[in-house]
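Report on the structure given below.
The values are calculated or read from the model by the stated rules, or taken from the named source; none is laboratory data. For clarity, every value in this text was computed on a predicted model and none was experimentally measured. So basically every Cβ, Gly included, is an ideal-geometry build from the backbone, and we count neighbours across all protein chains shown. The protein model used for the area step is the full one, side chains on, heavy atoms only, and it has no ligands, DNA or RNA in it. Shrake-Rupley method; radii C 1.70, N 1.55, O 1.52, S 1.80 Å.
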Amino acid sequence: RRVMVVGGGAAEELALIFDLSASMQARSEKDTRLAEAVKDAQRRVEALSPGGRVTILAAGQTARPVLTRSDDRAQALRALAGLRAENGGARLDEAISLAQALRRELAGLEIYVYTDAPVELGEGAALRPVGRAADNRAILSLTAAQRDGETQVVAQIANYGAAQRIEAELYMGG
């Protein structure tokens, strides 16, 4: 059974994998990387053939199914709209492994992986890259302590890009 016909035919069975790592919160132009990915996936769901099914897998700090083999487009669109990036890494390898296991049962399954990271996909999976490379900085640790009636804060910041001077502002509520 064919999943996609060359020339714009409709899919019959889709697995959509989403990287929900912190970097998917980055903005590219006007939307976040995750929002860009969701828009593309929504178009794919809307183009499903009648009776077509969709599986959505989320790859955050754990890999988990969000929706499994649903033929309800409205339910799939709601599930896509509910995806949220997390403040951590993505277990893409586990999500891809889940999709590959499903593909062994469903010969025509078409797998799409939405990520901003380089990743090994395996057979039958298509990468849908989002975002563009940019220098990145991260707060590795942040500690605050009271000493002599004053709050002292120490932040460890890493620069994963070209060497440059950056300024960081810290605010405390009170």
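A compact table of results
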read-out: Efficiency of FRET from Cβ geometry, Arg27 and Ile166, R₀ 25 Å, rounded to 0.05; value: 0.85
read-out: Which labelled figure in (1) 72, 33, 30; (2) 72, 29, 21; (3) 92, 51, 26 is Cα extents along the principal axes in Å, once derived from the coordinates; value: (1)
read-out: Table column - 3J(HN,Hα) (Hz), the stretch 139-152, Karplus curve with 6.51, -1.76, 1.60, x for Gly and Pro; value: 8, 7, 8, 8, 10, 9, 8, 8, 9, 6, x, 10, 8, 10
read-out: Separation in nanometres of the label points that stand 7 Å from Cα toward Cβ, at Ala158 and Arg137; value: 1.6 nm
read-out: Sorted peptide list for 143-152, 83-92, criterion being average Cβ within 10 angstrom, highest first; value: 83-92, 143-152
read-out: Surface share of carbon and sulfur [accessible, 1.4 angstrom probe, percent] for the stretch 56-174; value: 47 percent
read-out: The stretch 30-174 - percent relative contact order, Cα under 8 Å, separation 6 or more; value: 16 percent
read-out: Dipole moment magnitude, nearest 20 debye, the stretch 52-141 about Cα centre, only Lys, Arg, Asp, Glu C-beta charged; value: 260 debye
read-out: The stretch 116-174, dipole about Cα centre (Lys/Arg Cβ +1, Asp/Glu Cβ -1), debye to the nearest 20; value: 100 debye
read-out: Dipole magnitude (debye, nearest 20) for the chain, charges at Cβ of Lys, Arg, Asp, Glu; value: 440 debye
